[in-house]
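The values are calculated or read from the model by the stated rules, or taken from the named source; none is laboratory data. If you're wondering where the values come from, they're calculated on a predicted model, not measured in any experiment. Note: ideal-geometry Cβ built from the backbone for every residue, glycine included; neighbour counts use all protein chains shown.
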Amino acid sequence: MTELATAGLVTFFLATITTLVLMSFAPLLAWWLARSRSRTQPLIEALIALPLVLPPTVMGFYLLLAMAPDGLLGAAWMQATGRPLAFSFAGLVVGSVIYSLPFAVQPLAAAFRSMDFGLLDAATVLGASPRDRFLYLVLPLHRRAMIAAAALCFAHTIGEFGIVLMIGGNIEGETRVLSIALFDQVEALRYADAHATAAVLLILSIVLLTIVYTAQRPRERT
């Protein structure tokens, strides 16, 4: 298997797993943010949005400390699996989930806030439980926002570099993603290989962003 194919598979699996993990809990978190009036809400929103402004190397540094064998996450992982968390694919997933969290939560929270809450009141009158209202009313009404959030998570994970390098290193077949492979190729003056890797990243980015903006377009009324 070629270097590009190997790095591409690692990138694909990382982006897929990260997106699935995020979309399993981000809608609930976004719904709480959209509905909550808690005094802690601004702080929680700030923590979620932190990856948008904090340099990836800073977040990667603290995650690396947490994933060390004597760190909070690393020690628990070592006890459970017998393997280190830092510089592993599992460590990349943890870092990617944290780093891509705002790209899942913020679009969904914005969509939920624009919802007609009178529909929820009507569902409540008809006897729907909070769980049923969320599963069978809120989520179906925001399918397009869910698609956009998932595409953004996938695209952002594909483009990660700094945090991946800090916590994953450059291990072929395990932590070497396309962005790291591109860096290696440029550093080694292998510009033909770099052009191919960059082209793959460019095309993927355009396709995924097209999906995002298509999902966000208002529906045509008939």
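General remarks:
- Meets criteria (touching a residue at least 40 places away in the same chain (Cβ under 8 Å), within 29 Å of Leu85 (Cβ to Cβ) and among the acidic types (Asp, Glu)) for Glu187: no
- Taking the listed residues Ala7, Ala86, Ala34, the one that is modelled with pLDDT under 95, within 20 Å of Glu172 (Cβ to Cβ) and touching a Lys or Arg at 6+ places or on another chain (Cβ under 7 Å) is Ala7, with no other qualifying.
- Among the residues of region 16-28, the one identified as in contact (Cβ under 8 Å) with a residue 12 or more places away in the chain and either outside any helix (DSSP H, G or I) or among the small types (Gly, Ala, Ser) (or both) is Ala26.
- Taking the criterion of being modelled with pLDDT under 90 and farther than 11 Å from Ala155 by Cα, the residues of region 186-220 that qualify are Tyr213, Thr214, Ala215, Gln216, Arg217, Pro218, Arg219, Glu220.
- Any hit, region 135-155, residues being farther than 23 Å from Arg217 by Cβ and touching a helix residue (DSSP H, G or I) at 6+ places or on another chain (Cβ under 7 Å): no
- The criterion of at least 3 residues that are of a type outside the set (A, V, I, L, M, F, W, C) and at positive phi is met by none of the helices (runs of 4 or more DSSP H) wholly inside region 110-213.
- Filtered residues of region 190-212 (kept if touching a residue at least 12 places away in the same chain (Cβ under 8 Å) and either loosely packed, with under 11 Cβ neighbours inside 10 Å or within 17 Å of the chain's Cα centre (by Cα) (or both)): Leu201, Leu204, Ser205, Leu208, Leu209, Ile211, Val212
- Gly168 meets all of the listed conditions (1) surrounded by 14 or more Cβ atoms within 10 Å (Cβ to Cβ); (2) of a type in the set (Gly, Ala, Ser); (3) farther than 13 Å from Thr11 by Cβ but one, namely (3).
- Every condition in (1) within 30 Å of Ala86 (Cβ to Cβ); (2) over 22 Å from the mean Cα position of the chain (by Cα); (3) free of Cβ contacts under 8 Å to residues at least 40 places away in the same chain is met by Leu182 except one, and the failing one is (2).
- Residue within region 134-144 that is over 29 Å from Phe87 (Cβ atoms) and of a type in the set (D, E, K, R) present: yes
- Counted residues, region 29-61 - those being without any contact (Cβ under 8 Å) to a residue 60 or more places away in the chain and surrounded by fewer than 16 Cβ atoms within 10 Å (Cβ to Cβ): 18
- Yes/no for Ala86 being among the aliphatic types (A, V, I, L, M), in contact (Cβ under 8 Å) with a residue 24 or more places away in the chain and either outside any helix (DSSP H, G or I) or touching a strand residue (DSSP E or B) at 6+ places or on another chain (Cβ under 7 Å) (or both): yes
- When residues of region 171-183 are limited to those that are among the charged types (D, E, K, R) and surrounded by fewer than 18 Cβ atoms within 10 Å (Cβ to Cβ), the one farthest from Tyr62 (Cα to Cα): Glu172
- Hey, Val105 under 14 Å from Glu160 (Cα atoms) and either part of a helix (DSSP H, G or I) or aromatic (Phe, Trp, Tyr) (or both) or not: no
- Flag if Ser114 is at pLDDT below 95, among the polar types (S, T, N, Q) and loosely packed, with under 13 Cβ neighbours inside 10 Å: yes
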